[in-house]
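Every number in this text was worked out from the coordinates using simple rules, so none of it is lab data. Computed from a predicted structure; not experimentally measured. Cβ atoms come from the backbone with ideal geometry, glycine included; neighbour counts cover every protein chain shown.
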């Protein structure tokens, strides 16, 4: 291996590691500040953080003598509450397909980089074929199979739950066994008051340990909410839970849109469109994988260089996507809002002003990692190009 090829391989390997770190890092953050959110209680304002797989709370627990918080304020819910007064849809209404497919898209980029890392076309095609085949099976199981949500990443599931303002606390009150056996009547009263269950003997008071993972507990929360939502529908329109990614995306999107503005005449067409686009993306990804394997048969050509150029452009893709959804939020205002404002473009970068609120929108560590990955891949592509010219 030439020195240039060695350097290129090291740079690509480092970029793959950074790509994994990007997925678990906040990419961008947005905050609202106003006089009614004093800095003492909201040092960062009402702040949310955008990840690839969801939008998460950016507010931290305040610990001061004059302020006592059991847990941090849920600023995703707080920002939704603020925004809905002017007719903006909840934050969870944006990027629904991108978040649902985020783990597959990142895996796709990783396999592309592994393919570019290999300099021998036959081995490259084998690596990419095996990788894409595994990705296709993973996508199918997650998107269409029963209980496909179990193949989703925990962060995505957690974001779905918190977007519905649900609490995921699963702790049960602890009881001392000796106390229960010695004073069964008191113990039974405590248990009934705490958990609302009837017990017949001291032996039955011992609380069963909840062995579910946090991810499974969140899935169970979603299923419970889904089932309750179906009970409110006419019997002919009710759906049975199958736990697939496609069912969850459509239902959660419809629920998010109707969180404050439950106008089903507007919501149903939007949900149908999003489901159709998601279906197209699923099969589009499969088609892209076939084309990339075909293009990997030689160390030249457009499809060969796309293996590194596409991951290199990740920061640009994010900015386009982020800006487009901000435009959608500001130009898709529901008429049921308490106040009427003209359509507007929310601030993409820097500070802006909406009514009495100052908006702050800035990149976070994840976007910095994206830029670093792009630089490494640009250097790797340059080294590979020079090495190929020397070999020719």
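Here are some notes:
- Angle between the chain longest axis and helix 154-163 axis [Cα atoms, degrees, rounded to 10]: 50 degrees
- Whole-percent pair-distance distribution, where bins are 10 Å wide, for the alpha carbons of the chain: 4, 18, 25, 23, 17, 9, 3, 1, 0
- In the distance distribution for region 1-146, Cα-Cα pairs more than 21 Å apart total 61 percent.
- For the chain, the relative contact order works out to 29 percent when only alpha carbon pairs closer than 8 Å and six or more residues apart are counted.
- Distance histogram in 5 Å bins (all Cα pairs of region 267-321, percent per bin): 4, 16, 15, 18, 20, 12, 8, 4, 2, 1
- Residue with peak Gaussian network fluctuation, the chain [Cα springs, cutoff 10 Å], from 106, 161, 375: 375
- Most tightly packed first, judged by the mean number of other beta-carbon atoms within 10 Å of their residues, the peptides 83-90, 337-344 read 83-90, 337-344.
- On Cα atoms only, tilt of 75-84 relative to the major axis of the chain in degrees: 90 degrees
- A compact globular protein would have a Cα radius of gyration near 2.2 N^0.38 Å; the ratio found for region 216-375 is 1.38.
- Likely footprinting exposure, 240, 213, 361, 93, fewest C-beta neighbours within 10 Å first: 240, 213, 361, 93
- Gyration tensor over the Cα atoms of region 78-172: the corresponding equivalent ellipsoid has semi-axes (square roots of 5 times the eigenvalues, largest first) of 36, 17, 11 Å.
- Cβ-to-Cβ counts within 10 Å put 235, 266 in ascending order as 235, 266, the fewest first.
- Once you reduce region 73-104 and region 277-332 to the center of their Cα atoms, the two points are 23 Å from each other.
- Efficiency of FRET between residue 362 and residue 390 - r from beta-carbon atoms, R0 41 angstrom, step 0.05: 0.45
- Rg over Rh for region 338-392 works out to 1.40, both radii taken from alpha-carbon positions and Rh defined as the Kirkwood radius.
- Folded to 0 to 90 degrees: helix 102-117 orientation relative to the chain principal axis, Cα: 20 degrees
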